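Here's the structure we're looking at; comments come further down.
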Amino acid sequence: VQLQASGGGLVQPGGSLRLSCTISGINLNWFDVTWYRQRPGNQRERVATITSGGVPNVADAAKARVTISRDATRGTVDLQVNGLTPEDTATYYCNAYEIFQHINYWGQGTLVTVSS
């Protein structure tokens, strides 16, 4: 199982980004996939999850600005973040949790920097 996060970069405040997690070697219907982020000096925090059944669940603090979606045929899970602020500057990671064997897989992270 390999997870590849992409889509990060430098964004101006107020802008938007679409991050993508490409997961090879799995059936997405067996995995909950979660986007986390880690801001400088902070612990990793959950941003949004899409369950093995395709149900999205966005953290309360992100509900107004974040959408998570997946394309099971392509093996991708996307995170759309709107209204970016400097506080969104972080490394964003995707995680895949296999629901039957309870195994976690992590990608390498993609850096998002929000600055003018």
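Considering every alpha-carbon pair of the chain, the percent of pairs per 10 Å bin, from zero through the bin containing the longest distance, is 15, 50, 29, 6, 0.
The string of couplings for the range 64-78 from the Karplus curve (6.51, -1.76, 1.60, θ = phi - 60°) is 6, 10, 10, 10, 10, 8, 9, 10, 5, 6, 8, x, 10, 10, 10 Hz, one whole number per residue in order, with x for Gly and Pro. In order along the range 45-60, the phi-based Karplus estimate (6.51 cos²θ - 1.76 cosθ + 1.60, θ = phi - 60°) of 3J(HN,Hα) comes to 10, 6, 9, 6, 10, 10, 6, 4, x, x, 8, x, 9, 9, 4, 3 Hz; Gly and Pro are listed as x. If r is the Cβ-Cβ distance from Ser6 to Ala72 and R0 is 22 Å, what FRET efficiency results, to the nearest 0.05? In this case the efficiency is close to 0.75. Counting only DSSP beta bridges with both residues in the range 2-116, the antiparallel share comes to about 95 percent.
Other residues whose C-beta falls under 12 angstrom from the C-beta of Tyr36 contribute a net charge of +3, scoring Lys and Arg +1 and Asp and Glu -1.
Considering the zone a paramagnetic label at Thr51 would reach in this model (a point 7 Å from Cα along the Cα-to-Cβ line), which residues of the range 8-38 have amide N under 19 Å from it? Answer for this model: 27-36. Compare the Cα positions of Thr113, Leu79, Trp35 along the charge dipole of the chain (+1 at Cβ of Lys, Arg; -1 at Cβ of Asp, Glu; about the Cα centre) and return the one farthest towards the positive end. So the residue furthest toward the plus end is Thr113. Sequence-distant contacts, meaning Cα pairs under 8 Å at least 6 residues apart, place the relative contact order of the chain at 37 percent.
Any read-out appearing in this document is the output of simple, stated calculations on the displayed coordinates, not a laboratory observation. The model shown is predicted, which means the values in this text are computed figures rather than measured ones. As a convention, Cβ positions derive from the backbone with ideal geometry for all residues, glycine included, and neighbour counts pool all protein chains shown.
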